[in-house]
Amino acid sequence: MLKELAEVLSFRGRNDGDRFLEAIVDETPECIKIVAPDGSLVRMNRAGLTMIEADSWTSVEGAATPSFISDEDRTTWLANHARVCAGEKLTWQFDIVGLNGTRRHMETHAVPIALEDGRTGQLAITRDIGDRRTTELALQDANKQLDLLVKERTKELERAATKLGETERNFSLLVKSVIDYAIYMLDIDGNVASWNEGAARAKGFSSDEIIGRHFSNFYTEEDRAAGLPELGLATARAEGRWENEGWRVRKDGTRFWASVVIDAIREDGEIIGFAKVTRDITEKRAAEERLREAERLKAVGVFTGGAAHDFNNLLMAVLGSLELLRKRLPNDPRSLALLDNAMQGAKRGSALTQRMLAFARRQELKSECIDVATMLAGMSELLAQAVGPTVDLETQVSRNLPCITTDQGQLENALLNLVVNARDAMPGGGKVSILAKSLTVDAGGDLELTPGSYVCITVKDTGEGMDAETLARVREPFFTTKGVGKGTGLGLSMVDGLVAQSGGRMRIESQPGLGTSVELCLPADELAAAEIATPDVAEDGSVKPVKKLRVLAVDDDALVLMNSVAMLEDLGHDVVEAASGTQALRFLESGEQIDLVITDQAMPGMTGLQLAETVRKQHPNMPIVLATGYAELPAGADASMKRLAKPFTMAQLAEIVSAAVQSG
């Protein structure tokens with residue numbers, strides 16, 4: 001028996017075939033079994049016994065295999081088993097139920113096999129794919145979780161096991177059935193001595209083309225020059241094992257990222273060859289890189305949102321003080337011009353924080369149903385002026401486009417940003433194309449979008465394009481390819497944040513010398529539009545009169561609190577100030593009359609929402625305004641609570657006070 005198995009492994013004259021059989025079969029974590037035509041178990045390895053929760057082979061020898069198949073899958077299993085015994089090779093999935101009741105989802109690869117009594121049975125390799133199916137569903141549903149559980153698969157065929165004790169044909173079928181791994185043996189010098197179908201599939205060589213050649217043929221030129229193949233064999237000789245990940249080369253010259261294990265095979269203490277297992281983990285590596293990039297951008301977004309919030313507080317103090325100062329200054333044109341200049345600078349800072357909040361997906365969106373064709377037609381003159389005379393501007397809009405739901409002003413600003421970027425990428429002139437078309441996403445069709453209807457707006461240019469390194473960073477805030485002073489680096493990150501906050505996605509394609517294409521896919525109008533709690537304020541800054549109120553103003557930032565108090569007093573109200581939620585509650589408990597509470601949201605110890613919830617328990621009808629720099633009221637806020645966006649003007653403050661009192 002050992003002689004025949006050795007010949008199958010191409011180690012003629014040596015007794016290592018039997019050991020390789022044990023190394024592949026008995027310790028593999030996949031169930032390997034032989035089933036008679038009547039469904040009784042003829043043979044099962046240790047992993048199979050573990051899967052059906054059997055203590056030993058003797059306890060289940062001859063047992064009816066269908067008894068371990070779930071009720072709903074048993075009929076299908078019996079039908080497929082009959083087909084295999086009739087000569088077919090099949091792959092299918094089903095659930096098994098162990099002796100202790102544990103249920104597992106399995107995938108099996110089955111081929112017919114001649115039994116010793118002359119009958120034809122089933123030889124099957126069955127693996128537990130429950131984790132894989134769960135991971136695939138998670139990727140499809142959440143667009144944020146990736147497949148991180150592949151590494152264990154690289155060790156599945158490395159463990160030694162007990163002898164299967166079958167014929168030369170059984171062993172040959174077993175090795176050929178493994179198609180997910182390249183499994184082959186090397187002689188003492190590193191020449192390929194055996195080759196399975198998994199190796200042919202992964203590397204592209206047939207057994208006739210590769211047996212007898214050195215395994216370094218699979219390595220890149222760089223790794224061969226560095227002596228990596230020799231290092232692997234030397235390490236396996238010295239330590240018995242070598243593990244490595246790196247690029248490998250197929251027959252056609254393409255590369256794949258591989259996980260490699262080389263185990264030394266010994267006989268009487270002497271190394272007689274090596275067992276080699278290679279796994280293509282290119283997709284797993286790419287998934288890990290996407291996850292790391294998503295986590296990094298999430299961290300940057302959290303930081304940016306926090307910085308924008310703090311900057312909003314500073315701008316609140318600056319803008320409010322400047323507005324109050326302007327009312328008190330004498331009518332001196334030179335002084336007023338300087339003051340107006342300072343206010344314009346502060347407003348530009350406010351616009352910058354909005355871009356930062358857009359990247360962090362915390363900007364305020366006034367969602368509405370937008371006709372893309374009408375919007376682009378209305379912007380045509382502005383866009384033509386933006387690109388200038390040296391650039392051709394072309395617009396193509398598909399007929400009968402559905403409306404989209406987002407903030408029209410923000411979207412127009414985003415498109416203008418993209419067109420200006422395209423113009424800047426073509427200093428010698430060129431062409432900018434704006435295309436709009438509808439898109440329907442089915443389940444599993446686009447992992448970045450939930451199923452539904454979308455409108456995709458694409459801005460393409462014929463400019464310089466970007467290399468892969470630049471393309472990987474364009475979504476980052478403050479990253480720009482423009483010169484110093486020519487851009488904030490927030491344009492694309494703002495666009496990306498707007499689209500993501502609207503329920504869509506931005507996709508960028510670019511190559512050096514071939515231009516850039518930026519595609520924005522936004523939900524059609526059947527998706528619900530966001531409700532905006534903040535009332536509109538007139539552009540002329542007019543303030544609706546309201547009766548004199550006693551207002552409790554709460555903010556932990558002394559500058560902002562002083563500014564808010566001054567603005568409220570300038571509006572004619574009596575103001576009581578508190579530097580924390582606790583201090584505000586103590587004042588309310590004193591029994592003094594309060595008509596309105598205006599509180600900051602982000603405060604240590606007690607947030608504005610927590611303060612509001614406590615106040616409402618004692619004063620159910622108290623009007624409350626929550627001041628925040630973020631886009632929406634926090635979860636838990638009731639519908640009657642008003643939101644005041646920071647930084648705010650006196651006109652906006654007067655408007656929200658009036659609205660809060662009227663609704664209260």
**OP:** Would you point out the residue of the range 228-257, among those that are among the hydrophobic types (A, V, I, L, M, F, W, C) and in contact with a helix residue (DSSP H, G or I) (Cβ under 8 Å, 6 or more places away or on another chain), that is nearest to Leu186 (Cα to Cα)?
**Re:** Trp242
Subject >> Scope the range 385-409; condition crowded, with 16+ Cβ neighbours inside 10 Å and more than 23 Å from Ser438 (Cβ to Cβ); matching residues >> reply: Ala386, Val387, Val391
Original post:
For the range 391-413, which residues satisfy the criterion of being within 11 Å of Val459 (Cα to Cα) and not acidic (Asp, Glu)?
Top reply: Leu393, Thr395, Gln396
Original post:
Across the range 102-129, which residue is farthest from His81 (Cα to Cα) among those that are of a type in the set (Gly, Ala, Ser) and crowded, with 18+ Cβ neighbours inside 10 Å?
Top reply: Ala124
**OP:** Restricting attention to the range 583-601, report how many residues are surrounded by fewer than 21 Cβ atoms within 10 Å (Cβ to Cβ) and small (Gly, Ala, Ser).
**Re:** 2
Original post:
Which residue pairs have Cβ atoms closer than 7 Å, lie 6 or more positions apart in sequence or on different chains, and pair a first residue in the range 578-605 that is in contact (Cβ under 8 Å) with a residue 12 or more places away in the chain with a second residue that is in a strand (DSSP E or B) and surrounded by fewer than 21 Cβ atoms within 10 Å (Cβ to Cβ)?
Top reply: Phe587/Val576; Gln593/Arg550; Ile594/Arg550; Asp595/Arg550
**OP:** Give the residue that is surrounded by the fewest Cβ atoms within 10 Å (Cβ to Cβ), with candidates limited to residues of the range 448-462 that are within 26 Å of Gln511 (Cβ to Cβ) and not hydrophobic (A, V, I, L, M, F, W, C).
**Re:** Glu448
Original post:
Limited to the range 201-216, what total is found for residues that are within 23 Å of Ile281 (Cβ to Cβ), without any contact (Cβ under 8 Å) to a residue 24 or more places away in the chain and more than 33 Å from the chain's Cα centre (by Cα)?
Top reply: 1
Subject >> Residues located in the range 57-84, provided they are under 40 Å from the mean Cα position of the chain (by Cα) and of a type in the set (A, V, I, L, M) >> reply: Ile69
Original post:
Does the range 556-575 contain at least one residue that is modelled with pLDDT under 50, crowded, with 18+ Cβ neighbours inside 10 Å, of a type in the set (Val, Ile, Thr) and in contact with a helix residue (DSSP H, G or I) (Cβ under 9 Å, 6 or more places away or on another chain)?
Top reply: no
Subject >> Positions within the range 71-91 being touching a residue at least 12 places away in the same chain (Cβ under 8 Å) and surrounded by 15 or more Cβ atoms within 10 Å (Cβ to Cβ), in sequence order >> reply: Asp73, Trp77, Asn80, His81, Val84, Cys85, Leu90
**OP:** Give the residue, chosen from Gly445, Gly465, Gly409, that is modelled with pLDDT under 80, among the small types (Gly, Ala, Ser) and under 17 Å from Glu519 (Cβ atoms).
**Re:** Gly445
Subject >> Check on Pro37, of a type outside the set (A, V, I, L, M), farther than 30 Å from Asp208 by Cβ and at pLDDT below 85 >> reply: no
Original post:
Just wondering, is there one or more residues in the range 513-522 that are at pLDDT below 85, surrounded by fewer than 19 Cβ atoms within 10 Å (Cβ to Cβ), closer than 30 Å to Thr440 by Cα and among the small types (Gly, Ala, Ser)?
Top reply: no
**OP:** For the range 85-127, enumerate the residues that are more than 42 Å from the chain's Cα centre (by Cα) and in a loop (DSSP other than H, G, I, E, B).
**Re:** Ala86, Gly87, Leu115, Glu116, Asp117, Gly118, Arg119
**OP:** Confirm whether Asp95 is in contact with a Phe, Trp or Tyr (Cβ under 6 Å, 6 or more places away or on another chain) and modelled with pLDDT under 95.
**Re:** no
Original post:
Where residues in the range 410-447 are more than 22 Å from the chain's Cα centre (by Cα) and of a type in the set (Val, Ile, Thr), which of them is surrounded by the fewest Cβ atoms within 10 Å (Cβ to Cβ)?
Top reply: Val420
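The values are calculated or read from the model by the stated rules, or taken from the named source; none is laboratory data. Note that the structure is predicted; figures quoted are calculated from it, not measured. Methodologically, a virtual Cβ is constructed for each residue, glycine included, from the backbone with ideal geometry; neighbour enumeration extends over all protein chains shown.
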